[in-house]
Amino acid sequence: MGATTILSEFASKTRITDLSSEAIAATKRHILDCSGVGLAATAEPAGRVILDITREEGGAPLARVLGSNLRSNAVSAAWANGALSHLLDYDDTGFSHPTACILPAALAFAEQSNASGADLVNAVCVGLEVFERMSRSGRQHEHVLRARGFHPTSLYGCSAAAAAAGSIVKLNPSQMAVAIGLAAANAGGLTQHFGTWGKGIHAGNAARAGVSSTLLAQKNYFADPDGLDGDYGFFSAFHDKGNYDLSRVSEKLGTHWSIVDPGLTVKAYPCCGGNLRALDAAQGLLRENNLTFDDVAKLEVDVHPDLLNTVRFHLPTQGFRGKFSLDYVLAAMLLDGRVDLDSFSDAYCNAPKMRASLAKVQINNHPEWGDDATARRRSPVTMTLKDGRKVTKQVDKVRGSPGNPMTRDELLGKYRGCASRVLKGDRLEKSIAALENLEKLAKASELMDALTV
């Protein structure tokens, strides 16, 4: 049985009663996190462009768009919600950025299909599983894909979104294979767009591919049933023969849940995940030593050159570029003791105090660290103080990661900080209640009632 068939059987037959309690709880946390991040994006200039385009394109009012009163067709709503969810680079990370692709695709069908909250939780968990199973099969080659310019989010996200959308509308296994395979034909996304509004569109395109492929499969559209594992299929095309292991697709499938292990990281900072270890280390040094900007003469961070392929912008003059600039985010942390949504405006970026902070940051590139996978993830920070002392910290498990998870209060604090840009007062608290009790909602549409205005 091929990988497409295995994943299609799994996605079409899995129900919430098959999920572990840990998988349900973890899936809900990531739905909450992704929803908040998507809401925050609607208050941004780029988010308003996404809403404008969706409104102008119109369509049958079948699905709603986060943080707005906008209704559109399922394909357009999935695209808009996916793009919004990934726009700020504040959505979860780990095996790339799956939830921003998967949740919008499931939401696009949830209302018109009269799905329950439990159906939605199940669909998102199924999509996350498909995404991670595809990712693990090609993980040994993924760094090569990245170096060539491919973004894994929008490679695996298309088929994962189709699995989630197909779960909502209850595709049978044959239909699900068509949806997953057709969605894979839309895979793409270029890392050239990192540090710009273009990156958010990668998740939007994946969600759209999942929904459009599901619509075709519902009508028994004819397509090859081996879209992932065929000789000319997804893995052969993107990874090339010998660079993937499809036996990993079926390992404990349906009993071991990837959202639990390896799990995903809820980001504490709205920027590229490659910055997170260094940011936690820098914040830790400031807090543990009671330091301020004025106490520090120099901040150094040691990194593997592979990391600088991603967080590659040095001394940016556009705030949004700062999300993919290691020196920028460390300068912001040094200056303010925090990095948040307000750290990436052009005005903040070009303020004299920020340029002065950037002058204190030094990145030390270590090509001699070689191909060691652990070394690729290291980013120890050293601060040289004005009194001559040096303090150093290395963080291995960032805040929000499965090994160092956020508390409920921290997770809700992030959600409120994001969602309050759109939802106010009682509406904000009602949205939290809906998200935390999602699997108990009779209709998933109740969630969209809470997340729209």
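Values in this text are rule-based calculations from the coordinates and carry no lab data. All of these numbers come straight from a predicted model, not from anything done at the bench. No Cβ is skipped: glycine too gets one built from the backbone with ideal geometry, and neighbour counts run over all protein chains shown.
Assorted remarks:
- Residues satisfying the stated conditions in the stretch 132-161, i.e. without any contact (Cβ under 8 Å) to a residue 60 or more places away in the chain, in a helix (DSSP H, G or I) and not small (G, A, S): R139, E142, R148, P152, C158
- Taking the conditions (1) under 30 Å from R15 (Cβ atoms); (2) outside any helix (DSSP H, G or I); (3) of a type in the set (D, E) in turn, E300 satisfies each one other than (1).
- Count of the stretch 424-451 residues which are outside any helix (DSSP H, G or I) and touching a residue at least 40 places away in the same chain (Cβ under 8 Å): 5
- Residue check: A105 meets all listed conditions (1) in contact (Cβ under 8 Å) with a residue 24 or more places away in the chain; (2) closer than 29 Å to E410 by Cβ; (3) surrounded by fewer than 24 Cβ atoms within 10 Å (Cβ to Cβ) but one, namely (3).
- Within the stretch 108-131, the set of residues being touching a strand residue (DSSP E or B) at 6+ places or on another chain (Cβ under 9 Å) and either under 25 Å from L276 (Cα atoms) or without any contact (Cβ under 8 Å) to a residue 60 or more places away in the chain (or both) comprises Q112, F131.
- 2 or more residues closer than 20 Å to L286 by Cβ and of a type in the set (K, R): qualifying strands (runs of 3 or more DSSP E) within the stretch 306-402: 390-393
- Any hit, the stretch 34-55, residues being over 21 Å from L216 (Cα atoms), surrounded by fewer than 21 Cβ atoms within 10 Å (Cβ to Cβ) and of a type in the set (S, T, Y): no
- Qualifying positions in the stretch 6-33 - among the hydroxyl-bearing types (S, T, Y), crowded, with 19+ Cβ neighbours inside 10 Å and in a helix (DSSP H, G or I): S8, S12, T27
- Residues being in contact with a Lys or Arg (Cβ under 6 Å, 6 or more places away or on another chain) and either in a strand (DSSP E or B) or closer than 19 Å to K414 by Cα (or both) - total across the stretch 247-271: 2
Results for (1) within 21 Å of the chain's Cα centre (by Cα); (2) at positive phi; (3) among the polar types (S, T, N, Q); (4) crowded, with 23+ Cβ neighbours inside 10 Å, shown as yes or no for each residue.
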| residue | (1), (2), (3), (4) |
| --- | --- |
| V311 | yes, no, no, yes |
| H314 | no, no, no, no |
| Q318 | no, no, yes, no |
| R321 | yes, no, no, no |
| L330 | no, no, no, yes |
| M333 | no, no, no, yes |
| V339 | yes, no, no, yes |
| Y348 | no, no, no, no |
| K360 | no, no, no, no |
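- Residue match in the stretch 169-180 (condition: of a type in the set (G, A, S), buried (at least 24 other Cβ atoms within 10 Å of the Cβ) and assigned to a helix (DSSP H, G or I)): yes
- Residue list for the stretch 187-199, filter: part of a loop (DSSP other than H, G, I, E, B), surrounded by fewer than 21 Cβ atoms within 10 Å (Cβ to Cβ) and free of Cβ contacts under 8 Å to residues at least 40 places away in the same chain: G188
- In the stretch 392-426, residue surrounded by the fewest Cβ atoms within 10 Å (Cβ to Cβ) [restricted to those that are over 22 Å from G274 (Cα atoms) and among the aliphatic types (A, V, I, L, M)]: L412
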